[in-house]
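These notes are about the structure you will find just below.
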Amino acid sequence: MSDPKTVVSEGAQRDASTEFHAVFGAGGSKAILGAVGAIAGFDVCGFTKFATIGGVSGGSIPAALFANGMSAQELLMLAVRADFSKFLIAKSGWLSRAWAMLSKYRYERTMPKEGVYSAKPLRDLVDLEVPSWPKGYWTMATSMSGHSVLFTHEGTFWNWDKDGCCKPDGFEGPVSVGTAVNASCAIPGIIDAVETSGWYLFDGAIGDAGNCPTAPLHKQLGVKPSQIIAFDIPDDMIKKARWLRFLWHLRCGGTCGNIDATHPTEDDGTIVISPSIDSFHGLTFDLSYTEKWHAITASYIATVRRLDKAGLIRPDCKDRALALCRELEKVSFTKGIGNYPSGVARQLFASHGFTTDN
C-alpha cells in the first residue's frame, strides 16, 4: 500500500495550497458503501490526499482504510466483494434481533451494554489491515454519559478539549484502530459496547458531536469550515414513518426527546455531500450486488457534482470526472432499484480505471 494520506492533493482550483479535511459520517452499510463511492469521486477529481481523514460509526471503517493508504480501487474491490454480514456474529435468535432493531432509537437513550451482535470480526479485520494508527486518522465513540470521546494517533480525548490535554478519567491507552472502530460502530442494544479501562463505549454518531462530526476539526486543529468536506448520509426514510414515531413515543412514555439525528450544514461554509440512498436500510448487511452498486454510484455522482459546484475539481481531472458522472446518471436515475443494471455501472467504473475483477 501507499503511504498514509497526510497532505492534500495540489491543484484544487480554489486554492492549490489549501489543506482539506475529509469526514465520513454514520449510516451503517450505507455509510460504508457511500464512502467508497465518495472516495472514488475524490480520486477522479484529484483529491488523493487529505490533511486528516476521520469518520464515525459505519463511516469510520472506510475512513481508517483510506487513511492507511488503501486506494480507491482497492476499497471499491473490497466493498463490492465483501459479505458485510460476516463482520458481525449473531448472539441471539432472529426474533430478538428484530426486536433490537425496532428498539434502536430507544436503546440510544438507555445505552444497554449488551447487544444482539458481536463486532469482533470487524475489529479483527481493521486491526489486520490497519495495524498502527495512521497519523491523520481520527474517529469517535460515545460514553455512557452521552459525551463524545475522540480517538487519534496521539491518544484519546474529550472532543471539546481544544488543547487535547484532558483524557477521560482512568482511561489507559492507546487502543488499536480496530478497537476504536468497533467502539464507534457499537450501536446500543444491537452491537456490544466496547469496554476499555473500565469505560463502556458506544456508537460515535449518538454523542454530542453529531452524525457527521466536524467539531473535532474546529476544536482540536482550528480548521476553518471551508476546509472541511463532510460526507453525510441522510437519515433512513423509515424515520419519517408515523408508525415508527408512534412506537418511539409509546416505548419512551413521551420522554425520549427528538428521534432525528444532528447533521452538518453548509451555513458556515462546510462542504457537505449528501447522496440519496433509499434502496435499503442502513442496518441491512446482507446486501445484493445491485444494492451495493446503487449506493456506490449515487455517492460518486453526489461527490463529483458537489466538488464541481465548489470549483474544486482539478482542471486536468474535470473532463474525466464529469464524463463518468454523466454516464452513471443515465444508468442510476432512469431505473428503479429492482431493475438497476449493476453490470453496466461496474463496466463504466472499469472503463475509468476502477475494476473489481481479479
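Summary table
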item	result
Positions within the stretch 65-116 being among the charged types (D, E, K, R) and closer than 30 Å to Val44 by Cβ, in sequence order	Glu74, Arg81, Asp83, Lys86
Among the residues listed as Ala63, Ala79, Ala100, the single one being assigned to a helix (DSSP H, G or I) and within 14 Å of Gly189 (Cα to Cα)	Ala100
Candidate set from the stretch 172-184 (those that are touching a strand residue (DSSP E or B) at 6+ places or on another chain (Cβ under 7 Å) and open to solvent by less than 10 Å² (accessible area, probe 1.4 Å)); member that is farthest from Ala209 (Cα to Cα)	Asn182
Residue match in the stretch 242-263 (condition: on the phi < 0 side of the Ramachandran plot and at pLDDT 80 or above)	no
When residues of the stretch 82-95 are limited to those that are assigned to a loop (DSSP other than H, G, I, E, B) and free of Cβ contacts under 8 Å to residues at least 12 places away in the same chain, the one surrounded by the fewest Cβ atoms within 10 Å (Cβ to Cβ)	Gly93
Residue within the stretch 64-74 that is more than 19 Å from the chain's Cα centre (by Cα) and open to solvent by less than 50 Å² (accessible area, probe 1.4 Å) present	no
Count of residues meeting criterion [in contact (Cβ under 8 Å) with a residue 24 or more places away in the chain and surrounded by fewer than 17 Cβ atoms within 10 Å (Cβ to Cβ)] in the stretch 286-307	2
Unique residue being of a type in the set (A, V, I, L, M), out of contact with any Phe, Trp or Tyr (no Cβ under 6 Å at 6 or more places or on another chain) and surrounded by fewer than 16 Cβ atoms within 10 Å (Cβ to Cβ) when the list is Ala98, Ala141, Ala119, Ala51	Ala98
Gly54 being assigned to a strand (DSSP E or B) and either more than 22 Å from Thr356 (Cα to Cα) or of a type in the set (Phe, Trp, Tyr) (or both)	yes
Residue in the stretch 198-206 that is under 27 Å from Thr284 (Cβ atoms), outside any strand (DSSP E or B), open to solvent by 20 Å² or more (accessible area, probe 1.4 Å) and at pLDDT below 95 present	yes
Residues satisfying the stated conditions in the stretch 105-153, i.e. polar (S, T, N, Q) and not in a loop (DSSP other than H, G, I, E, B)	Thr110, Ser118, Thr139, Thr142, Ser148, Thr152
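The values are calculated or read from the model by the stated rules, or taken from the named source; none is laboratory data. Keep in mind it's a predicted model, so treat the numbers as computed, not measured. When we count neighbours, we look across all protein chains shown, and the Cβ atoms used for this are built from the backbone with ideal geometry, even at glycine. Note: areas computed on protein heavy atoms with side chains; ligands, DNA, RNA excluded. Shrake-Rupley method; radii C 1.70, N 1.55, O 1.52, S 1.80 Å.
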